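Reading through the structure tokens given below for one structure.
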Amino acid sequence: MKESHEGFMHKLDKSAVLTVIGILLLFSSAVGVTLIAPSYVDPSWTEVASPYQRQMYEVADPNLYVSTAATGGDELQLAYHIKDGYTLLAFAESETVRIIAPPELEKYVTRHGESRLKLSSKLMLLREANAEGDRGRQATALQEKLQSQWRSSHSQSAAKELRMPRFDILELYEPEAKEAFALAETDGILENWVDSEFVILDEEVKQRYHEDPGVLYVSNPKEYRIAPFRFGKSSGFQYDPNGRSIASLDELKSPELGFMSREELIQLGEDIYRIEGCWYCHTDQTRTLVQDTILNGSETNAAPPSSANEYVYQRVTFPGTRRIGPDISRVGIKRPNRDWHKSHFWSPKTASAGTIMPSFRHFFDDDPRGTSKSPVGIPNYKFEAIFQYLMTKGTRITAPTQAWWQGRDPVQTTKIIEGQKKV
Ligand code: HEC
């Protein structure tokens, strides 16, 4: 036994032993580097860039729902899931929208002309104040007053030319429920953000992001109520202010209503971007090179180069290597328009005649037998997903009000380009 063992060791070439030791050393040092190195990485690579970015993904996205199914067509419907003690709400008047409120809710209304926005985490909603009774009379009186003010401030000839605006009188009320689904007015990009001149009226806010310097809020929420409709052979549900409330999140996400959270859509969009191979032709990085920052910027300000922390919420990143099409890392700012993307995916040649970008007609539901006269397809969830994904590109580094093209450039691109500052 002893003899054969010695014999084996004897036969083993010395270099083989060294190779094995070498492999073990390499392996253990690789493990060591992987474990130790991250604590020396600049934290700005792995942490979100701004409280705004965190709020957009962690607070707003999971609570904003998107659907096209409810209208049975083209129109995008957005609903916020608002919760008592959690969501910040603002009830703000404008030139043409006025709010009447019972005395106990009066303090939550930001009156027309007040510069400081009042926010509250108490669940309240607005509704058309055309009901009978005291509130109704109060609304009619206010509307008539505004109309006569408008008439007296416009000369007769001007009044003939201009149409009198519809003065909406909304009533603030407290629903019985602890949560509600509210109609959202947005074109797919969230912009309800305040970073100055606001006050939160109640202390009972159950989520910590409200302590950040700026906050996301829902402006003038009205309940998203639905009523069944039937048109020809199709039937479904649509928004109807006099319809019934949505009972639960499950109902909102049911196949009939078809709402998906924006977060889910963005993740799906990421998958579609991968599966469709968009990254063969597009890069997703604004390099520090002048041509990138200028091309992705605006007339007055260059775009900031991409930084690692912009991608922290992505599961897969697609920096890309070839630019057959333009870079898409700032496309949410360059092209925020949903209609533009609709026509571009349906037929890229409408946007630019010589493009080799293929059309993506499976992002649309059209008549498979081709008997429909409408040449434009109705966008389906795939379009919605890729659109929402594209809209995250460049829009979430800072609050919209701080955006670099308005002069506050977070990474000081201009200085980098002019050589005054090193990257
Ligand atoms: C064969 C190459 C190719 C593929 C694949 C491709 N594109 Fe494009 N894309 C282009 C070209 C070229 C342009 C520039 C001309 C134009 O607007 O069509 C472009 C333009 C765009 C634009 C407008 C960008 C801007 O700044 O004007 C967007 C957005 C876009 N593509 C998204 C996508 C997405 C999303 C996919 C995958 C679903 C995709 N593309 C797949 C080549 C491609």
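The values are calculated or read from the model by the stated rules, or taken from the named source; none is laboratory data. On a predicted model such as this, the values are computed, not experimentally measured, just so you know. Backbone-built Cβ (ideal geometry, glycine too); neighbour counts: all protein chains shown. All accessible areas refer to the heavy atoms of the entire protein, side chains included, with ligands and DNA or RNA removed. Shrake-Rupley method; radii C 1.70, N 1.55, O 1.52, S 1.80 Å.
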For a quick check of understanding: with a 1.4 angstrom probe and all protein chains in place, what accessible area in square angstrom does HIS81 have, to the nearest ten? 10 Å²
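Which order do peptides 249-260, 145-156 fall in by mean Cβ count within 10 Å, highest first?
249-260, 145-156
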Quick check for you: with a 1.4 Å probe and neighbouring chains kept, what is the accessible area per residue of the chain, in Å²? 58 Å²
Kyte-Doolittle mean at least 0.5 and Cα extent at least 27 Å along the axis: which DSSP H helices of the chain qualify? 14-36
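Ignoring ligands, DNA and RNA, what percent of the accessible area of the chain is carbon or sulfur (1.4 Å)?
Values: 13320 of 24460 Å².
Heavy-atom surface of the chain belonging to carbon and sulfur, 1.4 Å probe: 54 percent.
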Enumerate the amide H contacts of PHE198 below 5 Å, restricted to partners 5 or more residues apart or on another chain; note that Pro and chain-start residues carry no placed amide H. LEU117
Solvent exposure ordering (accessible area, 1.4 Å, most first) of ARG111, ARG262, ARG361: ARG361, ARG111, ARG262
Output the antiparallel fraction of DSSP beta bridges having both residues in segment 67-210, as a percent to the nearest 5. 55 percent
Once all protein chains are kept in place, GLU93 shows an accessible area at probe 1.4 Å, nearest 10 Å², of 30 Å²
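Which FRET efficiency, nearest 0.05, do GLU185 and ASP240 yield, Cβ-Cβ r, R0 22 Å?
Given R0 = 22 Å and the Cβ-Cβ separation, E is 0.85.
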When the dipole is taken about the Cα centre of the chain, and only Lys, Arg (+1) and Asp, Glu (-1) are charged at their Cβ, what size is it in debye, to the nearest 20? 1140 debye
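Please state the charge dipole magnitude for segment 51-252, taken about the Cα centre, from unit charges on C-beta atoms (+1 on K and R, -1 on D and E), reported in debye and rounded to the nearest 20.
In total the dipole reaches around 680 debye.
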Dipole axis of the chain (+1 Lys, Arg; -1 Asp, Glu on Cβ), positive-most option in SER254, GLY85, ALA69: ALA69
Gained length - GLU211 relative to VAL290, 0.36 nm times residue gap less alpha-carbon distance: 24.7 nm
May I ask what percent, to the nearest 5, of DSSP beta bridges between residues of the chain are antiparallel? 70 percent
Once Lys and Arg get +1 and Asp and Glu get -1 on their Cβ, which of PHE198, PHE229, LEU123 lies farthest toward the positive end of the dipole of segment 94-250? PHE229
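Quick one: net charge of SER306's neighbours, Cβ under 11 Å, K/R +1, D/E -1? Can you show the working numbers first?
On the way: positive: ARG287, ARG330, LYS393; negative: ASP284, ASP292, GLU310, ASP327.
Net charge in that neighbourhood comes out at -1.
Quick one: net charge around THR350, please, counting Lys, Arg +1 and Asp, Glu -1 for every other residue with C-beta under 14 Å from its C-beta. Write out the running numbers ahead of the final one.
Details: positive: ARG335, LYS342, LYS349, ARG361; negative: ASP339.
Charge balance in the 14 Å sphere: +3.
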The correct ranking of VAL218, VAL316 by accessible area at 1.4 Å, largest first, is VAL316, VAL218
So what J values fall out for segment 236-245 if you push phi through Karplus, 6.51 cos²θ - 1.76 cosθ + 1.60 with θ = phi - 60°, rounded to Hz, Gly and Pro as x? x, 10, 9, 5, 8, x, 9, x, 9, 6
Row for segment 274-330, column shape: gyration tensor on C-alpha, a ≥ b ≥ c, rounded if a/c < 1.5 i.e. under 1.5, prolate if a/b over b/c, else oblate; value oblate
Cα gyration tensor category, rounded, prolate or oblate, for the chain with a/c compared to 1.5: prolate
Which value, in Å² rounded to 10, gives the accessible area of LYS334 with a 1.4 Å probe and all protein chains present? 90 Å²
